[in-house]
Every structure is written in structure tokens, then in C-alpha cells.
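Accompanying notes for the structure given below.
Derivation of every value follows stated rules applied to the coordinates shown; laboratory data play no part. What you see is a predicted model; the values in this text were computed from it and never measured. Positions of Cβ are generated from backbone atoms using ideal geometry, with glycine treated the same way; all protein chains shown enter the neighbour counts.
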Amino acid sequence: MTVLNFRKTDFVPQDSSHKKVVIAVDGPAASGKGTLAKKLAERLGYAYLDTGALYRAVAMATLEIGGDPSKLQDVEPALEIIKRNLTPELLANPSLRTPEVSEGASKVAAIPEVRQALLDYQREFAANPPGFVGGAVLDGRDIGTVVCPEASIKFFVTAAPEERARRRFEELKATKPELTYEKVLADLKTRDMRDSTRATAPTAVAEDAYTLDTTHLNPAQTLEEAIGVIRASFLAETNDNARTGKTAKNNGPQP
């Protein structure tokens, strides 16, 4: 029996001519998609991009100049600022995680011109991940459906709204003592509705995505579930290639 133990050298192509592996991780707020995507990138030695941070950065810049994140004319100057100053340090700024910025990000993300402006950056990251690594993991709400529809593997991470609200409340209550669980749940449901019904790139499950319900899973369990899917996917592809006489590309995990 072949046992695949993933390490940081797994999935790394042996020459630059091979197409990079792209793993798309989509899902609603507080579902655990960001944690999973980061853990997958660490486990596999891939580059990681939190695409939601791009919209958060635009929202934060819009708010800082006194603009309304729902109005294109207010967002456009902020978008230009972010495009000129898009760095890993900016995307890791803790200020991007405040409730105000989160709310603004959801509004910014509904503007078609903003999504189009950030699309090329995301696709370039996926096609040519930094660090000369073998692949990239991107998380967001439309990675598998719009940004990278040809992604190697797609996940849609979800959880019950009540559990997602509990997680977000636990995350924020220390810095926002006035916040209540009921308020977090109401805001989360409002955002879910806005993200899933917007005209441009709504949150949706790609037809070929694997759905992971994390309601009763901790981050370690979720990671192992995802690794199991990746392992099974690679084995299925290898078996198909063997049956058809094809040679498997050397961009998957090695036995």
C-alpha cells in the first residue's frame, strides 16, 4: 500500500515548465476558510493569498479618506492608492480586521469595477506564486468560480451561521466589549445575504468544489479532511493516467 505523507516539498514541480498547482478555498465569513488556507499553504510549502484582505485594504483606505465604501466615486481614489502600495505588510495589517473595515469590505467587493481592478493581481499570484514554490492557495468567496475557475482543487468551507457568529464574537469581544452575540449574528446574516446576492461574483459553490462543513470540526480536523481530499484527488488522477497510458505530470504529491 502506498502511503502519502505530505511535506513542504510535496506538489513542487521539478522544472519551471509545469503549470503551478492552485488550490481555491471559498466560503462565507468565519467559516474557517482562512485558517484552512493558511494551514494548507504551510503544510504543502505553497504561497498563500487572502484575497479578502485586498478588499479590506481598499475599504480601509476609503474610510480613512472619509469616503463611503458603497460608492464607486469614493472608492476609486482609495483603489488607486492600494494598487500603488500593495505589499504583504499591508495585507497583514491588523487594522484590516476591525468590524468597520469588514463591513466596508463587503460593500467594496460588490462594486464590479473594484473586483475587475483586483482580478489581475489575484490571477498573477496564482499563476506565478512568489518564492519559486510549486503552487498557491487562495481563499475568498469567488476563487473557484471567477478568479481561478481552472484551479487544481476547490474547497467550499461552510458552517452553521450560529457557530460562525460564536467564533467571530469570541474573536472580537476582548477588543469590543460593547459587542453582543446577537449583533454579531445579525451582521453576519446581513453580510451573507449581500455577498451571495450581489450581481458581480456572488459567493457560490463551484460545481466541482468539495464542501467542508466545519460546524463541528476544529482547525486541525478541518485540515486533515482537506488533506484527505487532496490525497484522494491525486490518487484518482494517477490511476486514471495509468489506465489511459498517460504520464502523470510531476506537479502532484509524490508517494
Residues in the range 124-142: is at least one closer than 24 Å to G228 by Cα and either surrounded by fewer than 21 Cβ atoms within 10 Å (Cβ to Cβ) or among the β-branched types (V, I, T) (or both)?
yes
Selection count, the range 181-212, where residues are of a type in the set (S, T, N, Q) and touching a Phe, Trp or Tyr at 6+ places or on another chain (Cβ under 8 Å):
1
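Residue by residue, here is whether (1) surrounded by 22 or more Cβ atoms within 10 Å (Cβ to Cβ); (2) touching a Cys at 6+ places or on another chain (Cβ under 9 Å) holds:
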| site | (1), (2) |
| --- | --- |
| D74 | no, no |
| L91 | no, no |
| V114 | yes, no |
| A117 | no, no |
| Q122 | no, yes |
| V157 | yes, no |
Residues located in the range 19-40, provided they are within 27 Å of K189 (Cα to Cα) and either among the acidic types (D, E) or part of a helix (DSSP H, G or I) (or both):
D26, K33, G34, T35, L36, A37, K38, K39
Please give the helices (runs of 4 or more DSSP H) falling wholly within the range 41-146 in which 3 or more residues are charged (D, E, K, R).
72-84, 99-108, 112-127
I'd like the residue in the range 204-227 that is closer than 17 Å to A24 by Cβ and small (G, A, S) and, out of all such residues, is surrounded by the fewest Cβ atoms within 10 Å (Cβ to Cβ).
A204
Residues of the range 31-48 being more than 21 Å from P99 (Cα to Cα) and not hydroxyl-bearing (S, T, Y), which ones?
L36, A37, K38, K39, L40, A41, E42, R43, L44, G45, A47
